[in-house]
Amino acid sequence: MDPISRRRIALAAPALLLAGCHAANAQPEGPISVPPLRQVAPFPVGACAMTGQFQDPTFVSTLVSNFSQITPEWEMKMEAILKNDGTFDFTRPDMVADFAAQHGMRLHGHTLVWYAQEMPAFKRIDGAGKPFADAYRNYILAVAGRYRGRVVSWDVVNEAINENGEGERDCIWSRNLGPDYAALAYRHAQEADPTVPLFLNDYFLDTLPNKRRSFLRMAERILKSGAPLSGLGTQTHVSIHMRPGAIKAAIKDLASLGLPIHLSELDVSTRNADGVKGRFDMTPMSERLQIQARVVGEAMEAFMSLPAHQRFAFTIWGVRDKDSWLRRPPNAGDGTDRPLLFDDDGHPKPAARALVEAVSRT
Ligand code: XIL
């Protein structure tokens, strides 16, 4: 080794040592103060919400002051609307829509067609041919029609790509209506609400490049058929073990079709990753929250790098850590996950600051 290299190592060593000490001794930060997110971002910043949370004043104040858009967490899904006898119950989705209107917030409809919801009213007519196709059209017309003028957009088809990223899912919709069930859904939604933007939404588009490819292929097929797909949603359910650069690469690829992008369900789990760092990862929570902030910062930077007309909205899957679906069964785990931008008391976390900094920087 030549003397110059030796000197470089000697100079680098104290810095590494310091970095190591810092990581080991990272202390919880004092209170963090950030401006309301909705005022900082030049595009809508969303959060999901449920009617049960509207009674909680801290939830409401944190939601309303920081976010400008709501995605119903589950009350606009088929399981909430379609009763077993085939009739519709709009009580709860109406409450979400009313809440959004009362607070001057935009409402993103979620979701009309989802493989995960094979409701009894459809199962009963599985294989029936025309009655199934009629019920499909009728459902989409009824729901999209009811919220015409009240939603700013819809996730029409949700999670259509196979878990392993290869090809499209086989589901009750594809089995009954053929591989073009999705294109059909976009046509029906447009019939009900002719001008509203209609999205295709999916997860792991960042962690699985092959899933992203299948997703883009599906989107192109829908577009080629002439169906009115008008935006792409990338859920972005990720964790602190996320490979740096993966979210950026995903957003860049997804933008290649020129459609508006909705970063639609961001959360960053702080839990240990099975098989990644092992069950005995002792990284302190204070450090996990800093890593989380870096992931959120990367997501926002990636979003900011899109041309303005492709930035549809940036949505977080919940408000406070304790509101997260990752803290409820079947995801509850050990109950310590802290995946969102606000802590259990509604105070901003390092991730909220990182989001604001990324918006201001770019
Ligand atoms: C989840 C909700 O957060 C849960 O409360 C519900 O029980 C199941 O669905 N992808 C989606 C969302 O598109 O609709 C899911 O929401 C999370 C994953």
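The values are calculated or read from the model by the stated rules, or taken from the named source; none is laboratory data. Because the structure is predicted, anything quoted here is derived from the model rather than measured. Because the Cβ atoms are built from the backbone with ideal geometry, glycine has one as well, and the counts that use them run over all protein chains shown. Side chains included, ligands, DNA and RNA excluded: accessible areas come from the protein's heavy atoms. Shrake-Rupley method; radii C 1.70, N 1.55, O 1.52, S 1.80 Å.
One line per residue, one yes/no per condition, for (1) within 16 Å of the ligand (Cβ to nearest atom); (2) in contact (Cβ under 8 Å) with a residue 24 or more places away in the chain:
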site	(1), (2)
Thr87	no, no
Gly109	yes, yes
Ala135	no, yes
Leu141	no, yes
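Selection of first residues in segment 69-84 that are assigned to a loop (DSSP other than H, G, I, E, B) and more than 10 Å from the ligand (Cβ to nearest atom) and of second residues that are basic (Lys, Arg) and open to solvent by 10 Å² or more (accessible area, probe 1.4 Å), restricted to Cβ pairs under 9 Å at least 6 apart or on distinct chains, gives the following pairs, ordered by first then second residue: Asn84/Arg124.
Tallying residues that are in a helix (DSSP H, G or I) and either open to solvent by less than 30 Å² (accessible area, probe 1.4 Å) or within 14 Å of the ligand (Cβ to nearest atom) (or both) within segment 299-325 yields 10.
Taking the listed residues Thr207, Thr195, Thr234, the one that is surrounded by fewer than 19 Cβ atoms within 10 Å (Cβ to Cβ), without any contact (Cβ under 8 Å) to a residue 60 or more places away in the chain and β-branched (Val, Ile, Thr) is Thr195, with no other qualifying. Could you say whether any residue in segment 335-343 is part of a strand (DSSP E or B), within 16 Å of the ligand (Cβ to nearest atom), modelled with pLDDT of 95 or more and open to solvent by less than 10 Å² (accessible area, probe 1.4 Å)? Among the residues of segment 335-343, not one is part of a strand (DSSP E or B), within 16 Å of the ligand (Cβ to nearest atom), modelled with pLDDT of 95 or more and open to solvent by less than 10 Å² (accessible area, probe 1.4 Å), which makes the answer no. The lone criterion from (1) within 16 Å of the ligand (Cβ to nearest atom); (2) open to solvent by less than 10 Å² (accessible area, probe 1.4 Å) left unmet by Ala116 is number (2).
Determine which member of the set Arg361, Arg328 is open to solvent by 60 Å² or more (accessible area, probe 1.4 Å) and more than 16 Å from the ligand (Cβ to nearest atom). Arg361 is the lone residue from the list that is open to solvent by 60 Å² or more (accessible area, probe 1.4 Å) and more than 16 Å from the ligand (Cβ to nearest atom).
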